[in-house]
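This report refers to the structure that appears directly beneath it.
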Amino acid sequence: MFSRDPEPTIITFDCYGTLVNWHETFLREINSVLTERGEHDTNATMILESFSAQSRRLTAEKPHRLFKDILRIGFTLAFIEHGITVKADEIERFALAPSRMEPHPEVPSALRQLRERYKIAIFTNSDDDLIGPTAARIGVPFDFVINSQQAGAYKPSRQLFEYGYQRMGVRAEDTVHVAMGMYTDMKACHELGLRAVWVNRRGETGNSDWLPYEEVPDLERAAALLLQM
């Protein structure tokens, strides 16, 4: 159980997967490519898992790359890993897909409830031009939108978190971080000693090495938990 003292003044959220339909969007795009190629031996989940592995490597490398380039390179390599060559226009769909992602159904209502008590912010591995349309589509104003292009680093690096706290003018202990990402977010929260809520939308198994975090199935339950504080 995370401590409720001190009372947080701002709740920070991962965006992709946590607030908007990351997996659903990319699985749909991948399936479109596989169907066009007549591929039956590879499923979309395998490609997305390969991209996730590539993304971990690429986001850790220096110099910093824009997230659009991480998506371009990562998905190209993920398809090649499974013996599939993709065209430039297909890869561009993947690079721009985050700007088209829709919020999960319960997200706008949960965020509105939280805004009555706290400031809210996005902490995301993204670029300015990708996250802007996505945040707007959620339909709830955020007090801050912090991304990796601004910070020059990707989660789980502490650099993005520390940049965000400095820009918002708060201490880490004045916040609670809410996220779906185990590696990108719960790992970082554990290493930084941050209070965290894990939104386990996909019924996955958490990593006990990165405790403590509270586990909830969706943002409605996350909001209920935070409003009890």
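What helices (runs of 4 or more DSSP H), lying completely within the range 10-106, carry at least 2 residues that are of a type in the set (Lys, Arg) and farther than 23 Å from Leu219 by Cβ? Before the answer, list the steps.
Working: elements: 22-37, 44-60, 67-81, 88-96.
Here the list reads 44-60, 67-81.
Mind checking which pairs have a first residue in the range 32-58 that is assigned by TED's automatic domain parsing to the domain that holds Phe94 and a second that is in a loop (DSSP other than H, G, I, E, B) and surrounded by fewer than 18 Cβ atoms within 10 Å (Cβ to Cβ), Cβ under 6 Å, 6 or more apart or different chains?
Thr42/His82
So for the range 143-154 (the condition being assigned to a helix (DSSP H, G or I), of a type outside the set (Lys, Arg) and in contact (Cβ under 8 Å) with a residue 60 or more places away in the chain), does at least one residue qualify?
Yes - at least one qualifying residue is present in the range 143-154.
Please go through the range 97-129 and pick out each residue that is within 19 Å of Leu48 (Cα to Cα), out of contact with any Cys (no Cβ under 8 Å at 6 or more places or on another chain) and touching a residue at least 60 places away in the same chain (Cβ under 8 Å).
Scanning the range 97-129 gives Ala97, Pro98, Arg100, Met101, Glu102, Asn125.
Taking the condition of being part of a helix (DSSP H, G or I) and touching a residue at least 60 places away in the same chain (Cβ under 8 Å), how many residues in the range 167-222 meet it? Explain how you work it out, then say what you get.
Applying the first criterion (part of a helix (DSSP H, G or I)) to the range 167-222 yields 167-168, 172-174, 182-192, 208-210, 219-222.
Restricting the remaining residues to those that are touching a residue at least 60 places away in the same chain (Cβ under 8 Å) gives 168, 173-174, 183-185, 219-220, 222.
So the count comes out to 9.
Do we have Val199 as buried (at least 22 other Cβ atoms within 10 Å of the Cβ), in contact with an Asp or Glu (Cβ under 7 Å, 6 or more places away or on another chain) and closer than 24 Å to Glu7 by Cβ here?
Taking the combined requirement at face value, the residue satisfies it.
In the range 107-139, which residues are surrounded by fewer than 18 Cβ atoms within 10 Å (Cβ to Cβ) and part of a loop (DSSP other than H, G, I, E, B)?
Taking the range 107-139 as the starting set, the residues that turn out to be surrounded by fewer than 18 Cβ atoms within 10 Å (Cβ to Cβ) are 108-109, 112-113, 115-117, 128-129, 132-133, 136-137, 139.
If the condition is that a residue be surrounded by fewer than 18 Cβ atoms within 10 Å (Cβ to Cβ) and part of a loop (DSSP other than H, G, I, E, B), then Glu116, Arg117, Gly139 are the ones that fit.
Assuming Gly74 fulfils every condition listed in (1) surrounded by 16 or more Cβ atoms within 10 Å (Cβ to Cβ); (2) of a type in the set (Gly, Ala, Ser); (3) under 30 Å from Ala224 (Cα atoms) apart from one, which condition is it?
Every listed condition holds for Gly74 apart from (3).
The values are calculated or read from the model by the stated rules, or taken from the named source; none is laboratory data. Since the structure is predicted, the reported quantities are computational estimates derived from the model, not experimental observations. Cβ sites come from the backbone with ideal geometry, for glycine too, and all protein chains shown count toward neighbours.
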